[in-house]
Structures are given as structure tokens and as C-alpha cells.
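A.B. asks: Would you mind keeping the following structure in view while I ask a few things?
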Amino acid sequence: GRWHQFENDFFGWRKDQRHGNPNLVLGEATRRGSEPEQWFRKEGFEWGAGLLSGYANDVTTAAETLDCPELLAYLEARLSAHHARLNSLRRGISEEVRLERLLATPAASTDDV
């Protein structure tokens, strides 16, 4: 349950923020005294990705002891979709950060050309 709920909070924190719904990501940004958008890009993404990885490992380890092939197949499919979604978000954040840095760099003057 932790993995599923935190995954929902992690990928849906902007929607929750718009609707005034508290979630763990927003709470962590507040606890750290940061604006959620900036915090998420700078450190929150990696913080949350680490938690999600730990929760996914916990659930997979527990499921393996149950000898239930259907559950393992379900988790494999969920993990595959999860990793694809996580990697897509990671690429998007990297591009946002790269663009932010480019826009912050002073333009070259005509004397430099």
C-alpha cells in the first residue's frame, strides 16, 4: 500500500496542490521550507524516486515469499510501467533544469562574437 499511495502522491502532487489536497510530497517540501516546484526539481524528485525504489523492493521481496505467480506477474507489469513513467519524468526534469540554466546565462554581447 505504501508504494501505491506514494506513487500516486509523487506523480500527482501538482494536481493535489491545485485542488488543495495535502500529500506526502507537498508535506515534505513544506517541512523543508521550500516552494514545491523548485524543491521537486532540485532534490524532491531524487528523494521520492529513492523512497519509491525502496517501497517497490520491499513489496517485491514480500511477494516472492508467497509463491504466487499471478502476483509476481502483476508486480512485474506495474514495475515496468512505473520505471517508464519515472524515466520519462526524470528526462523532463533534466530538460527543464537545462533550459533554466541556459536562460539564466547572460547572452553573449556583440563584442564577444
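A.B. asks: I'm checking my understanding of the structure. Among residues of region 82-99 that are in contact (Cβ under 8 Å) with a residue 24 or more places away in the chain and more than 11 Å from Arg41 (Cα to Cα), which one is most open to solvent (accessible area, probe 1.4 Å)?
C.D. replies: Arg85
A.B. asks: Since Arg78 meets every condition but one in (1) surrounded by 12 or more Cβ atoms within 10 Å (Cβ to Cβ); (2) more than 19 Å from Gly1 (Cβ to Cβ), which condition does it not meet?
C.D. replies: Unmet for Arg78, out of (1) surrounded by 12 or more Cβ atoms within 10 Å (Cβ to Cβ); (2) more than 19 Å from Gly1 (Cβ to Cβ): (2).
A.B. asks: Taking the conditions exactly as written (surrounded by 15 or more Cβ atoms within 10 Å (Cβ to Cβ), farther than 19 Å from Phe11 by Cα, without any contact (Cβ under 8 Å) to a residue 12 or more places away in the chain and touching a helix residue (DSSP H, G or I) at 6+ places or on another chain (Cβ under 9 Å)), does Leu66 satisfy them or not? Spell out how you get there, then give the answer.
C.D. replies: Working: surrounded by 15 or more Cβ atoms within 10 Å (Cβ to Cβ): no; farther than 19 Å from Phe11 by Cα: yes; without any contact (Cβ under 8 Å) to a residue 12 or more places away in the chain: yes; touching a helix residue (DSSP H, G or I) at 6+ places or on another chain (Cβ under 9 Å): yes.
Spelling it out, it is not the case that Leu66 is surrounded by 15 or more Cβ atoms within 10 Å (Cβ to Cβ), farther than 19 Å from Phe11 by Cα, without any contact (Cβ under 8 Å) to a residue 12 or more places away in the chain and touching a helix residue (DSSP H, G or I) at 6+ places or on another chain (Cβ under 9 Å).
A.B. asks: Can Trp13 be described as aromatic (Phe, Trp, Tyr), in contact with a Leu (Cβ under 6 Å, 6 or more places away or on another chain), surrounded by 13 or more Cβ atoms within 10 Å (Cβ to Cβ) and at pLDDT 95 or above? Show your work before the answer.
C.D. replies: Numbers: aromatic (Phe, Trp, Tyr): yes; in contact with a Leu (Cβ under 6 Å, 6 or more places away or on another chain): yes; surrounded by 13 or more Cβ atoms within 10 Å (Cβ to Cβ): yes; at pLDDT 95 or above: yes.
Spelling it out, Trp13 is indeed aromatic (Phe, Trp, Tyr), in contact with a Leu (Cβ under 6 Å, 6 or more places away or on another chain), surrounded by 13 or more Cβ atoms within 10 Å (Cβ to Cβ) and at pLDDT 95 or above.
The values are calculated or read from the model by the stated rules, or taken from the named source; none is laboratory data. It should be emphasised that the depicted structure is a prediction, and the values quoted were computed from it without experimental measurement. Every residue, glycine as well, gets a Cβ built from its backbone with ideal geometry; the counts of neighbours run over all protein chains shown. Surface accessibility is based on the protein's heavy atoms, side chains included, excluding ligands, DNA and RNA. Shrake-Rupley method; radii C 1.70, N 1.55, O 1.52, S 1.80 Å.
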